[in-house]
């Protein structure tokens, strides 16, 4: 089957969850989470859960475990904590939950980011994987980076990824 044929069998409307990881942002200041919510809704998807979590491995894992156990969730987008600062703990917290990694996501994200920010793109540890049949995307906290990932990678392929992951 061609990529186009695969996409025809993919679900058109997905249930999204958004997790913002930050020690400094409040719900009112969650511009990255707002970007995910706005773009997902504009693409015809629905928001099931939204959470703001501190930069703490246990808190991040707990939030992800609760979300992954929630019916109706297909895609989890986590923003923040994917760099190299000492408090950037999202990758460390989330990777052990992945059953399979989507290696190409991080590679493509950094390639696209390079066009915008140059060599600083290598400082992103953005990643994606599958956990309990859901696609989980770990993004930087920058609204511009979130928009790039959503528009260029997540929204065009999330349905396709979910269809492949849940194939029997």
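The values are calculated or read from the model by the stated rules, or taken from the named source; none is laboratory data. Keep in mind that this is a model prediction, so the values were computed, not measured. Note that we place each Cβ from the backbone using ideal geometry, even for glycine, and neighbour counts take in every protein chain shown.
Things worth noting here:
- Only one of the numbered conditions (1) without any contact (Cβ under 8 Å) to a residue 40 or more places away in the chain; (2) crowded, with 17+ Cβ neighbours inside 10 Å is violated by residue 40, and that is (1).
- Here residue 23 clears all of (1) closer than 18 Å to residue 144 by Cα; (2) surrounded by fewer than 19 Cβ atoms within 10 Å (Cβ to Cβ); (3) at pLDDT below 95 except the condition numbered (1).
- Conditions (1) touching a helix residue (DSSP H, G or I) at 6+ places or on another chain (Cβ under 6 Å); (2) surrounded by 20 or more Cβ atoms within 10 Å (Cβ to Cβ); number of the one not met by residue 61: (2)
- In the set (1) closer than 24 Å to residue 14 by Cα; (2) free of Cβ contacts under 8 Å to residues at least 40 places away in the same chain; (3) touching a helix residue (DSSP H, G or I) at 6+ places or on another chain (Cβ under 9 Å), residue 98 fails one condition alone, (3).
- On the stretch given as the stretch 139-168, residues that are in a helix (DSSP H, G or I) and either under 18 Å from residue 12 (Cα atoms) or at pLDDT below 95 (or both) total 16.
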